[in-house]
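The values are calculated or read from the model by the stated rules, or taken from the named source; none is laboratory data. This is a predicted model, so every value here is computed, not measured. As a convention, Cβ positions derive from the backbone with ideal geometry for all residues, glycine included, and neighbour counts pool all protein chains shown.
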Amino acid sequence: MVEQLSGTYQEKDTLLQRYFHTASHQISSFDEFTIKHVPLDEKVINVSDNEDLGWMAGIWSYLKEGILPEDKDEARKIRMRSAKFIIIGDELFKRGVSSPLLKCLTVSQAAYVIKEIHQGICGMHFGARSMATRVLRAGYYWPTLKSDCQSHIQKCKECQQFGNAHRQPPETLHWAYHCTLQSTTQETPYRLTYGADVMILVEVGETSHRRQVFNSEQNAQELAADLDLVDELRDEAQIHEEACKLRASRRYNTRVKPRSF
């Protein structure tokens, strides 16, 4: 975006155009401005220095400094809970089941991720569970994830007013659909096409682990391997789809009353 705003490159991508026009509008209110590209490694902020760690405080203190609460029961809980977490580069991660490493977020970071995934360019005003699943798939975690998603939906004016009626531009819905896990195939259309998950915009705003450790050369090699393996992925997705159709058929047939004439 820095190169686009400075006039070096053109903003041809539809999503980048939205950011470009928003940034251009903000810039027009200044008499003069300077844009500087900040390398990825300089963007990583130690949350322990930036704000209260909140729910992470006890786990962080134990893993980082070996400090436990004086209460024996609390100390035992912290030790047991901390076994699922690890500190990498001054950031706390949870060892996940759906993803190997889930970046742990503070309250303000979680609020940004929820808003971007629900109402951002890639958002589709999902239900609470679908929204929570997408947060996990993007690589983030906090202990009240699902309940926070539910609370956000209940406060969302569009969700309460329109329900399932989507009021977004077609290109936005098109992009969001291709990045969303489908219940029939258990995969996103994007992954079934390219063999890999797309990196959504929230991973740029709140740097995800895979964004942080991104290596272009290694990524190109992995993408080539994914394309060679994509046929197997599609076969598995087809099996899931057929199984879903069979379950739906059985459910429907249980309500059918046979009649003979």
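Points worth noting:
- When the residues of the range 144-168 are filtered to those that are within 28 Å of Leu105 (Cβ to Cβ) and assigned to a loop (DSSP other than H, G, I, E, B), the one that is modelled with the highest pLDDT is Thr144.
- All helices (runs of 4 or more DSSP H) inside the range 169-261 with 2 or more residues being within 22 Å of the chain's Cα centre (by Cα), in the same structural domain as Tyr140 (by TED's automatic domain parsing) and modelled with pLDDT of 80 or more: 189-194, 202-205, 209-212, 216-253
- Being over 11 Å from the mean Cα position of the chain (by Cα), free of Cβ contacts under 8 Å to residues at least 40 places away in the same chain and in a helix (DSSP H, G or I) is a condition met by at least one residue of the range 120-129.
- Complete set of residues in the range 84-109 that are charged (D, E, K, R) and in contact with a Lys or Arg (Cβ under 7 Å, 6 or more places away or on another chain): Lys84, Glu91, Lys94, Arg95
- Scan of the range 202-218 for residues that are exposed (fewer than 13 other Cβ atoms within 10 Å of the Cβ) and either polar (S, T, N, Q) or touching a strand residue (DSSP E or B) at 6+ places or on another chain (Cβ under 7 Å) (or both), ordered by number: Asn215, Ser216, Gln218
- Restricting the range 24-67 to residues that are of a type in the set (Val, Ile, Thr) and surrounded by 11 or more Cβ atoms within 10 Å (Cβ to Cβ), the residue that is modelled with the highest pLDDT: Ile59
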